[in-house]
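Handing you this structure, nothing more for now.
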(Lines give C-alpha, C1' and ligand atoms only; values in the text may rest on other atoms or scores of the structure.)
Protein backbone atom coordinates (compact mmCIF):
# COMPACT_ATOMS: atom_id res chain seq x y z
CA UNK A 1 0.00 0.00 0.00
CA UNK A 2 1.26 3.48 -0.91
CA UNK A 3 0.89 6.93 0.61
CA UNK A 4 0.32 10.18 -1.30
CA UNK A 5 1.02 13.64 0.16
CA UNK A 6 -0.87 16.86 -0.67
CA UNK A 7 1.68 19.37 -1.99
CA UNK A 8 -0.39 22.24 -0.59
CA UNK A 9 -1.02 21.28 3.05
CA UNK A 10 0.96 18.02 3.51
CA UNK A 11 -2.10 15.91 4.38
CA UNK A 12 -1.39 12.26 3.59
CA UNK A 13 -3.72 9.91 1.73
CA UNK A 14 -2.81 6.45 3.03
CA UNK A 15 -4.23 3.69 0.82
CA UNK A 16 -4.17 1.23 3.72
CA UNK A 17 -6.17 3.54 6.01
CA UNK A 18 -8.57 4.74 3.29
CA UNK A 19 -9.08 1.23 1.88
CA UNK A 20 -9.04 2.50 -1.72
CA UNK A 21 -6.03 2.71 -4.04
CA UNK A 22 -5.25 6.35 -4.85
CA UNK A 23 -5.48 5.58 -8.59
CA UNK A 24 -9.13 4.54 -8.06
CA UNK A 25 -10.10 7.80 -6.34
CA UNK A 26 -12.31 9.90 -8.69
CA UNK A 27 -10.54 12.68 -10.59
CA UNK A 28 -12.85 15.32 -9.06
CA UNK A 29 -11.86 14.25 -5.51
CA UNK A 30 -10.15 16.94 -3.42
CA UNK A 31 -8.00 17.04 -0.30
CA UNK A 32 -10.25 16.88 2.78
CA UNK A 33 -7.98 19.29 4.67
CA UNK A 34 -7.34 22.11 2.18
CA UNK A 35 -9.47 21.35 -0.89
CA UNK A 36 -6.53 20.89 -3.28
CA UNK A 37 -7.33 18.78 -6.35
CA UNK A 38 -6.21 15.16 -6.71
CA UNK A 39 -3.52 16.35 -9.13
CA UNK A 40 -1.78 18.17 -6.25
CA UNK A 41 -0.84 14.85 -4.61
CA UNK A 42 2.53 13.19 -5.05
CA UNK A 43 3.78 9.77 -3.94
CA UNK A 44 5.32 10.04 -0.49
CA UNK A 45 8.90 9.13 0.19
CA UNK A 46 10.59 10.49 -2.93
CA UNK A 47 13.89 12.18 -2.20
CA UNK A 48 15.52 14.92 -4.27
CA UNK A 49 17.79 12.30 -5.81
CA UNK A 50 14.84 10.11 -6.73
CA UNK A 51 13.10 13.06 -8.36
CA UNK A 52 16.29 14.09 -10.18
CA UNK A 53 16.18 17.57 -8.60
CA UNK A 54 19.20 19.43 -7.27
CA UNK A 55 19.07 21.74 -4.27
CA UNK A 56 17.05 24.87 -5.05
CA UNK A 57 17.04 28.37 -3.58
CA UNK A 58 13.82 27.43 -1.77
CA UNK A 59 15.59 24.40 -0.25
CA UNK A 60 18.33 26.69 1.05
CA UNK A 61 15.74 29.08 2.49
CA UNK A 62 14.08 26.18 4.32
CA UNK A 63 17.46 25.02 5.67
CA UNK A 64 18.18 28.54 6.94
CA UNK A 65 14.75 28.81 8.57
CA UNK A 66 15.25 25.47 10.31
CA UNK A 67 18.65 26.68 11.55
CA UNK A 68 16.86 29.71 13.02
CA UNK A 69 14.48 27.42 14.90
CA UNK A 70 11.39 28.08 12.75
CA UNK A 71 8.80 25.34 13.12
CA UNK A 72 5.71 26.98 11.58
CA UNK A 73 5.02 29.11 8.50
CA UNK A 74 1.60 30.71 8.07
CA UNK A 75 0.20 31.61 4.67
CA UNK A 76 -1.37 30.77 1.36
CA UNK A 77 0.48 29.04 -1.47
CA UNK A 78 0.16 30.45 -4.95
CA UNK A 79 1.97 30.71 -8.25
CA UNK A 80 4.78 33.01 -7.13
CA UNK A 81 5.62 31.14 -3.90
CA UNK A 82 5.07 27.53 -4.98
CA UNK A 83 8.81 26.71 -4.98
CA UNK A 84 8.90 27.54 -1.26
CA UNK A 85 5.70 25.59 -0.56
CA UNK A 86 7.15 22.60 -2.42
CA UNK A 87 10.47 22.82 -0.57
CA UNK A 88 8.60 22.89 2.76
CA UNK A 89 6.58 19.85 1.70
CA UNK A 90 9.62 17.86 0.61
CA UNK A 91 11.66 18.80 3.66
CA UNK A 92 8.99 18.21 6.32
CA UNK A 93 10.79 19.94 9.22
CA UNK A 94 8.59 23.06 9.15
CA UNK A 95 4.81 22.83 9.35
CA UNK A 96 2.94 24.96 6.80
CA UNK A 97 -0.27 26.33 8.33
CA UNK A 98 -2.75 27.18 5.59
CA UNK A 99 -4.74 30.35 6.28
CA UNK A 100 -7.76 31.73 4.48
CA UNK A 101 -6.27 35.19 3.97
CA UNK A 102 -2.78 36.67 3.92
CA UNK A 103 -3.72 39.22 6.59
CA UNK A 104 -4.53 36.32 8.91
CA UNK A 105 -1.13 34.77 8.11
CA UNK A 106 0.66 37.99 9.08
CA UNK A 107 -1.34 38.32 12.31
CA UNK A 108 -0.63 34.66 13.16
CA UNK A 109 3.11 35.22 12.59
CA UNK A 110 2.94 38.36 14.74
CA UNK A 111 1.11 36.51 17.52
CA UNK A 112 3.62 33.65 17.26
CA UNK A 113 6.48 36.11 17.74
CA UNK A 114 4.77 37.84 20.67
CA UNK A 115 3.85 34.64 22.51
CA UNK A 116 7.05 32.67 21.96
CA UNK A 117 9.66 35.40 21.47
CA UNK A 118 10.84 33.37 18.48
CA UNK A 119 10.65 34.24 14.80
CA UNK A 120 7.15 34.14 13.34
CA UNK A 121 7.07 33.54 9.58
CA UNK A 122 4.35 34.26 7.03
CA UNK A 123 4.22 33.92 3.27
CA UNK A 124 2.11 35.23 0.41
CA UNK A 125 2.07 35.62 -3.33
CA UNK A 126 3.15 38.74 -5.20
CA UNK A 127 0.94 41.80 -5.68
CA UNK A 128 -2.38 41.58 -3.85
CA UNK A 129 -1.08 38.86 -1.53
CA UNK A 130 1.75 41.16 -0.48
CA UNK A 131 -0.57 44.09 0.16
CA UNK A 132 -2.82 41.86 2.28
CA UNK A 133 0.09 41.24 4.68
CA UNK A 134 0.49 44.93 5.55
CA UNK A 135 -1.91 45.24 8.52
CA UNK A 136 -0.52 42.19 10.32
CA UNK A 137 3.06 43.26 9.63
CA UNK A 138 2.30 46.76 10.92
CA UNK A 139 0.99 45.12 14.11
CA UNK A 140 4.22 43.15 14.43
CA UNK A 141 6.29 46.28 13.85
CA UNK A 142 4.35 48.34 16.39
CA UNK A 143 4.69 45.62 19.05
CA UNK A 144 8.29 44.70 18.11
CA UNK A 145 7.31 41.11 17.35
CA UNK A 146 9.98 39.23 15.39
CA UNK A 147 8.37 38.41 12.04
CA UNK A 148 9.74 37.40 8.66
CA UNK A 149 7.50 37.76 5.60
CA UNK A 150 8.48 35.66 2.59
CA UNK A 151 6.68 37.16 -0.36
CA UNK A 152 6.57 35.82 -3.91
CA UNK A 153 7.50 38.04 -6.84
CA UNK A 154 6.82 38.04 -10.55
CA UNK A 155 9.70 37.02 -12.83
CA UNK A 156 12.50 39.59 -12.80
CA UNK A 157 12.22 40.18 -16.53
CA UNK A 158 8.74 41.71 -15.99
CA UNK A 159 9.65 44.06 -13.14
CA UNK A 160 8.90 47.67 -14.05
CA UNK A 161 6.56 46.72 -16.88
CA UNK A 162 3.28 46.96 -14.94
CA UNK A 163 2.83 43.23 -15.48
CA UNK A 164 0.04 41.27 -13.81
CA UNK A 165 0.40 41.45 -9.99
CA UNK A 166 3.50 43.64 -10.18
CA UNK A 167 3.95 46.19 -7.41
CA UNK A 168 7.06 47.73 -5.88
CA UNK A 169 7.14 45.44 -2.86
CA UNK A 170 10.34 46.88 -1.40
CA UNK A 171 8.77 50.35 -1.37
CA UNK A 172 5.55 48.93 0.09
CA UNK A 173 7.28 47.28 3.06
CA UNK A 174 10.05 49.86 3.62
CA UNK A 175 8.19 52.17 6.09
CA UNK A 176 7.64 49.48 8.72
CA UNK A 177 10.35 46.86 8.23
CA UNK A 178 13.86 46.60 9.60
CA UNK A 179 15.05 44.98 6.36
CA UNK A 180 13.58 44.07 3.00
CA UNK A 181 15.29 42.55 -0.01
CA UNK A 182 14.48 40.77 -3.25
CA UNK A 183 16.25 37.48 -3.87
CA UNK A 184 16.50 37.35 -7.65
CA UNK A 185 19.49 35.07 -8.17
CA UNK A 186 20.64 31.83 -6.57
CA UNK A 187 23.94 33.33 -5.40
CA UNK A 188 21.96 35.61 -3.06
CA UNK A 189 20.77 32.57 -1.07
CA UNK A 190 24.20 31.19 -0.20
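The values are calculated or read from the model by the stated rules, or taken from the named source; none is laboratory data. Because the structure is predicted, anything quoted here is derived from the model rather than measured. Every residue, glycine among them, receives a Cβ derived from its backbone with ideal geometry; neighbour counts consider all protein chains shown.
Restricting attention to segment 130-153, which residues are buried (at least 22 other Cβ atoms within 10 Å of the Cβ), under 16 Å from the mean Cα position of the chain (by Cα) and closer than 17 Å to residue 182 by Cβ?
Answer for segment 130-153, where residues must be buried (at least 22 other Cβ atoms within 10 Å of the Cβ), under 16 Å from the mean Cα position of the chain (by Cα) and closer than 17 Å to residue 182 by Cβ: 130, 133, 149, 151, 152.
Of all residues in segment 112-125 being in contact (Cβ under 8 Å) with a residue 24 or more places away in the chain, surrounded by fewer than 23 Cβ atoms within 10 Å (Cβ to Cβ) and over 12 Å from the mean Cα position of the chain (by Cα), which is farthest from residue 70 (Cα to Cα)?
Quick first cut of segment 112-125, residues in contact (Cβ under 8 Å) with a residue 24 or more places away in the chain only: 112-114, 117-125.
Narrowing further to those that are surrounded by fewer than 23 Cβ atoms within 10 Å (Cβ to Cβ): 113-114, 117-119, 125.
Imposing the further condition that a residue be over 12 Å from the mean Cα position of the chain (by Cα) reduces the set to 113-114, 117-119.
On the way: 113: 11, 114: 14, 117: 12, 118: 8, 119: 7 Å.
Looking at the filtered set, the residue picked out is 114.
Check off (1) outside the structural domain of residue 123 (by TED's automatic domain parsing); (2) at pLDDT 90 or above for residue 40 and give me the number that stays unchecked.
(2)
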